[in-house]
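Rule-based calculations on the coordinates, nothing more; no lab input. Remember, predicted model here, so these are calculated numbers, not experimental data. Note that each Cβ is placed from the backbone with ideal geometry, even for glycine, and that neighbours are counted across all protein chains shown.
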């Protein structure tokens, strides 16, 4: 993937609803902004139980969006990333429908993970309650097949999303068919979605086991042999992310959004700087995604006696409450028991609303994101500094829909005229084009409330100094001869220079 800012978007929610309309937007008003485009699920069907993350047919483009030729044409213009949902498939899939009718006589017998496959001698209560699940309840659903047979199936996420037995030959063949289809149509990178839940083993939490790492490595090896890079998506304790990063091409920096919010809310860069010192460099940096703002990624693991997190528990609780307050209570209405499709590890809210729609703080957060090692990824709602879609939330009752607004082409054009959006696009262009970002990063030593980052390559440099205690920050860059300060339209004239003492280390 190019060392440039990426866009992550639903094809039907940015620009009109079809792949050709998204391509026109990327080639027109958004031209030159993105090196890679991550297309969120575009396969049949995009409007199931989980916005396409419950695929009926992972190798078929939803006809309402376009065709594989549209995907291939987009891939000829941009590096393209797509999701491989490794853990589950829709109950409406032809594979399950055939299995339901024919049972053991189905060629897909063995594709779907049953309780017996993991617990052949039966499961005790303590074994089932030890299984980690991102939502309340047990990850199991009793079903009666069309042939009258009664089975208990694994359903980690919802009853509509049936878990795959990825260690069965049918499961391996299913995933390989997806990879080969993607590769044949020009997709150059994949995200392994829900990979942490893929391996179930009796007597364990069934989450991020040693066997899970082996599975990820095997699938990544196959993907690379087909010319695709691999991004692993896992929400978990930060030490797991560091461990995963050593084994794959790319991981997400899911810790950055809550740490950035904490810094801006509390006027200190302490915890943010501690994370910068140890975080993986092969990371995709994010502030917002199609999911919520992660909490588990900075929290402790295993309670008081377990592994500490990046934020103390009391600080994390106060962070969540501050988001609810600054969003006018909207995030509270979309999070946890207040909304269906429960997620225990995230707060549902746009990042712009989480900051109380403060342009200065929002642009500072983006500037820090763009200055950190790795590749910045910008969610389409965040690109347009979008606000919570309460109308969509009310219609669907799905918490994450608060941050999944549908933008028509005219609305996109209108949003692009907002000063704060124009400033964000200027920051993106600077990150994409300035040669310093191809060099090395120096992190300045300074007071707890100051973050100083400086990229250097040859004689070129780019420097960001932020004082979180005042909210003031400066961004300067040089071609080796002339130093220029970045002035942003939405912020008006500088309210005062940031000149804290900074010692630049190696």
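With Cα atoms defining each centre, region 233-288 and region 347-403 are spaced 17 Å apart in the structure. Here the simple spin-label model places points 7 Å from the Cα toward Cβ, and for residue 173 and residue 24 these points are separated by 4.3 nm. At an R0 of 30 angstrom, the distance between the Cβ atoms of residue 429 and residue 314 translates into a FRET efficiency of 0.15.
Computed packing ranks the peptides 57-70, 133-146, 157-170 as 157-170, 57-70, 133-146, most packed first, by mean other Cβ atoms within 10 Å. Per-residue extension of 0.36 nm, minus the Cα-Cα distance of residue 135 and residue 307, leaves a gain of 59.8 nm for this segment. Enter the angle in degrees (range 0 to 90, nearest 10) between the Cα long axis of helix 210-225 and the first principal axis of the Cα atoms of the chain, meaning the one along which they spread out most. Once rounded, the angle reads 80 degrees.
Rank-order 316-327, 228-239, 374-385 by packing density, defined as the average count of other C-beta atoms within 10 Å over each peptide's residues, highest first.
Numbers: 316-327: 18.3, 228-239: 21.2, 374-385: 24.1.
Per-residue mean Cβ counts within 10 Å order the peptides as 374-385, 228-239, 316-327.
If you line up the long axis of helix 313-326 against the longest principal axis of the chain, both from Cα atoms, how many degrees apart are they, to the nearest 10? It works out to around 80 degrees.
Show me the ranking of peptides 71-77, 425-431 by mean Cβ neighbours inside 10 Å, starting with the highest.
Values: 71-77: 16.7, 425-431: 18.6.
So the order, starting with the most tightly packed, is 425-431, 71-77.
If both residues of a DSSP beta bridge must be in the chain, then about 55% of such bridges are antiparallel. The C-alpha atoms of the chain define a longest principal axis, and helix 359-371 lies at about 70 degrees to it.
Counting other beta carbons within 10 Å of each Cβ, put 501, 405, 449, 88 in order, fewest first.
The order, fewest Cβ neighbours first, is 501, 449, 405, 88.
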